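The values are calculated or read from the model by the stated rules, or taken from the named source; none is laboratory data. Note that the structure is predicted; figures quoted are calculated from it, not measured. In this analysis, Cβ positions are derived from the backbone assuming ideal geometry, glycine residues included, and neighbour counts consider all displayed protein chains.
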Amino acid sequence: MKKGDINSLFKNLSKVIKNPKTDLTYKSKFTLLVSVVLSAQCTDVNVNNVTKDIYIKYNKPEDFVKLGRKKIEVLIKKINFFRNKAKSIYLLSKKLIQQHNSKVPKNFEKLIDLPGVGRKTASVVLNEGFGLPTIAVDTHVFRVSNRTGLASGKNPDEVQKNLYKVVPKKYLKNAGHTLLLHGRYTCKARTPSCKTCVIIKYCKYKSKELR
């Protein structure tokens with residue numbers, strides 16, 4: 001995709017997607033981290049419904065370490081893969097206390113060193129929690145990037161790497177959430193709303209729904 005088209009693509013998206021941010025509800029950088037871990041293969045709505053009562057009482061690493069894995073499991077049992085996620089939350093809380101003075105690190109490598117935290121989670125936390133220009137590639141961002149030809153790739157890591165190469169600096173901070181929201185509500189997996197898409201002229205997707 002040409003540089004001018006990329007600028008126009010983000011300009012058009014920014015007109016309809018204003019102040020893009022995560023749909024997750026959180027109280028601190030730590031609860032943001034926990035919510036993002038919980039959101040893997042689970043909707044933000046479900047995560048918010050589960051955590052709204054949890055964070056009132058439990059919102060620090062010490063709280064979750066004191067609870068222990070089994071009690072965390074009970075609290076998040078309505079979340080997909082709750083046992084694995086309970087283990088991750090317990091272990092990452094323990095590591096934050098032991099190695100980071102109970103603070104969420106503002107560093108990508110240190111974040112992905114935490115149990116249950118991958119590249120996507122770390123990128124979301126750095127972007128949403130610290131305001132850094134990172135791009136998290138989930139299924140929506142991956143789909144939009146490939147369909148439009150903005151940043152093609154066979155896996156999320158490739159797409160992320162290519163997005164960093166082409167996204168204009170002025171749009172970099174909001175690029176991830178902008179593409180995510182466009183994918184979630186317009187460029188949907190099965191029934192994309194191509195007729196109302198503001199970037200349709202830049203799209204290379206062969207199966208456009210234009211009727």
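The figures follow:
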{"item": "Residue identified as surrounded by 17 or more Cβ atoms within 10 Å (Cβ to Cβ), in the same structural domain as V104 (by TED's automatic domain parsing) and in a helix (DSSP H, G or I) among S145, S123", "result": "S123"}
{"item": "Set Y205, Y164, Y185: member being hydroxyl-bearing (S, T, Y) and without any contact (Cβ under 8 Å) to a residue 12 or more places away in the chain", "result": "Y185"}
{"item": "Conditions (1) part of a helix (DSSP H, G or I); (2) crowded, with 17+ Cβ neighbours inside 10 Å: number failed by V117", "result": "(1)"}
{"item": "Within the range 58-114, tally of residues that are closer than 16 Å to S28 by Cα, in contact with a helix residue (DSSP H, G or I) (Cβ under 8 Å, 6 or more places away or on another chain) and in a loop (DSSP other than H, G, I, E, B)", "result": "8"}
{"item": "Residues located in the range 126-142, provided they are in contact with a Leu (Cβ under 9 Å, 6 or more places away or on another chain) and in a loop (DSSP other than H, G, I, E, B)", "result": "L132, P133, T134, I135, A136, V137, D138"}
{"item": "Close pairs (9 angstrom Cβ cut-off, 6 or more residues apart or separate chains): over 10 Å from V37 (Cβ atoms) in the range 117-128, assigned to a helix (DSSP H, G or I) and polar (S, T, N, Q) anywhere", "result": "R119/Q160; K120/Q160; S123/Q160; N127/N174"}
{"item": "Index of the failed condition, F30 passing every other in (1) in contact (Cβ under 8 Å) with a residue 60 or more places away in the chain; (2) closer than 23 Å to V141 by Cα; (3) not polar (S, T, N, Q)", "result": "(2)"}
{"item": "Subset tally (residues that are farther than 25 Å from V50 by Cβ and in a helix (DSSP H, G or I)) for the range 1-31", "result": "14"}
{"item": "Filtered residue count, the range 153-182, keeping only those that are over 18 Å from R119 (Cβ atoms) and either of a type in the set (S, T, Y) or assigned to a helix (DSSP H, G or I) (or both)", "result": "8"}
{"item": "Given (1) touching a helix residue (DSSP H, G or I) at 6+ places or on another chain (Cβ under 7 Å); (2) part of a loop (DSSP other than H, G, I, E, B); (3) without any contact (Cβ under 8 Å) to a residue 60 or more places away in the chain; (4) surrounded by 20 or more Cβ atoms within 10 Å (Cβ to Cβ), index of the condition P192 fails", "result": "(1)"}
{"item": "Evaluation of T43 against (1) hydroxyl-bearing (S, T, Y); (2) closer than 22 Å to L180 by Cα; (3) outside the structural domain of K173 (by TED's automatic domain parsing); (4) in contact (Cβ under 8 Å) with a residue 24 or more places away in the chain (one fails), failing number", "result": "(4)"}
